[in-house]
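Have a look at the structure below, then the notes.
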Amino acid sequence: MKFLYILTAATALLASSACERQTTGDKVKDKIDDGLDRRPGEKVRDAAEDTKDAVKDAGRDAKDAVKDAAK
């Protein structure tokens, strides 16, 4: 349960920092840098992306568990 709280806090931090607008050129450059693992703070960004994916998976699992429990 503690892990879920940490994931929620990390997601909230990421969501609040995502308010900055990017141009199309910036997005393309970021995608290229991501593919080549040369973005600034690559390890932190990768960890944040992994956290985002884990939160999505946990949400899907919780939704499925609620559906199964309601049967």
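Read-outs: derived from the displayed coordinates by stated rules, not from any lab. It should be emphasised that the depicted structure is a prediction, and the values quoted were computed from it without experimental measurement. A quick note on method: Cβ atoms are made from the backbone with ideal geometry, for glycine too, and the neighbour counts reach across all protein chains shown.
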Multiply the residue gap between GLU49 and VAL28 by 0.36 nm, knock off their C-alpha separation, and tell me the result in nm, one decimal place. 5.8 nm
I'd like to compare 28-40, 44-56: which one has the highest average count of other Cβ atoms within 10 Å, and what's the full order after that? 44-56, 28-40
Residue by residue, what Karplus-based ³J(HN,Hα) values in Hz, rounded to whole numbers, does region 32-42 have, using 6.51, -1.76 and 1.60 with θ = phi - 60° and x for Gly and Pro? 5, 4, 5, x, 9, 6, 10, 6, x, x, 4
Residue by residue through region 50-59, the couplings from Karplus 6.51 cos²θ - 1.76 cosθ + 1.60 with θ = phi - 60°, in Hz, x for Gly and Pro, are 5, 5, 4, 5, 5, 5, 4, 4, 5, x
